[in-house]
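Heads up, the thing below is written out as structure tokens.
The values are calculated or read from the model by the stated rules, or taken from the named source; none is laboratory data. The shown structure was predicted, so the numbers you read here are calculated from the model rather than taken from an experiment. Note that each Cβ is placed from the backbone with ideal geometry, even for glycine, and that neighbours are counted across all protein chains shown.
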Amino acid sequence: MKAAHFGRPSYFCGMKYIRLTEEQLVELQQEFVNFLATQSITAEEWDNLKTEKPELAEEEIDIFSDLIWEGVLTKVEYLENISAQHMHLFRCDKKEMQLISVKVLNPDIDLNTKEGFGWFKKNWQSDFIEYLTAAKAYSEDKNVDKFELIRKGAVITKGELYQWFDQIIGE
């Protein structure tokens, strides 16, 4: 077994994002096999690595996880973070992130429920709703900025809500 290709590249100083879950790794099994193949690691070598040098196997999983996250985050155009009384809708442009923030002032409404969201759809123009728009330039690494929003509860979407609000607000 050639140990040279199992170490982290010198530029790699810890994970940039987070390790994929066991479920995600199972789902991406073929991609992981391809990843190992690009490093000339055979199935037999991988099995040996897991038992003889588990810390190096863990590093390979970390590197793979970061590569997957990087690929996913590069394609992200819209993120949503919806809580009981707030919607934060993001559009990820090339140079900055656009935000449409919606605040429900009625404490009896929970946007995470079917009833609460139904109330919102009927009352989106009422005095019980506040809107705010903003734009923010990315930091050095826009994918890290997107990832931080995901860590805080945002989910990747196709942007239907953002686009609807953008059309309404823009009129």
- Query: What single numbered condition from (1) more than 30 Å from GLN167 (Cα to Cα); (2) touching a Lys or Arg at 6+ places or on another chain (Cβ under 7 Å); (3) in contact (Cβ under 8 Å) with a residue 60 or more places away in the chain fails to hold for GLU70?
  - Reply: (2)
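Which of the residues spanning the stretch 70-91 are out of contact with any strand residue (DSSP E or B) (no Cβ under 7 Å at 6 or more places or on another chain), of a type in the set (A, V, I, L, M, F, W, C) and closer than 16 Å to GLY153 by Cα?
Passing the criteria: LEU73, ILE82, ALA84.
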- Message: Anything in the stretch 86-98 that is under 20 Å from TRP124 (Cα atoms) and buried (at least 17 other Cβ atoms within 10 Å of the Cβ)? List them, or say none.
- Response: MET87, HIS88, LEU89, PHE90
- Message: Based on this model, can you work out whether ALA57 counts as surrounded by 12 or more Cβ atoms within 10 Å (Cβ to Cβ), among the small types (Gly, Ala, Ser), touching a Leu at 6+ places or on another chain (Cβ under 8 Å) and in the same structural domain as GLY118 (by TED's automatic domain parsing)?
- Response: no
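Got a sec? Which of GLU148, GLU140 is in a helix (DSSP H, G or I), out of contact with any His (no Cβ under 8 Å at 6 or more places or on another chain) and surrounded by fewer than 16 Cβ atoms within 10 Å (Cβ to Cβ)? So that I can check it myself, show each step before the final result.
Values: GLU140 fails: in a helix (DSSP H, G or I).
The match here is GLU148.
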- Query: Here are some conditions: (1) exposed (fewer than 11 other Cβ atoms within 10 Å of the Cβ); (2) in the same structural domain as PHE117 (by TED's automatic domain parsing). GLU22 meets all but one. Which one does it not meet?
  - Reply: (2)
- Message: Can you find a residue that is assigned to a helix (DSSP H, G or I), closer than 30 Å to VAL102 by Cβ, touching a helix residue (DSSP H, G or I) at 6+ places or on another chain (Cβ under 6 Å) and among the aliphatic types (A, V, I, L, M) anywhere in the stretch 57-73?
- Response: yes
- Going through the stretch 72-85 in order, the residues found to be under 18 Å from TYR138 (Cβ atoms) and either of a type outside the set (D, E, K, R) or buried (at least 18 other Cβ atoms within 10 Å of the Cβ) (or both) are VAL72, LEU73, THR74, VAL76, TYR78, LEU79, ASN81
- Message: For the structure I just gave you, tell me whether LYS122 is in contact with a helix residue (DSSP H, G or I) (Cβ under 6 Å, 6 or more places away or on another chain) and part of a helix (DSSP H, G or I).
- Response: no
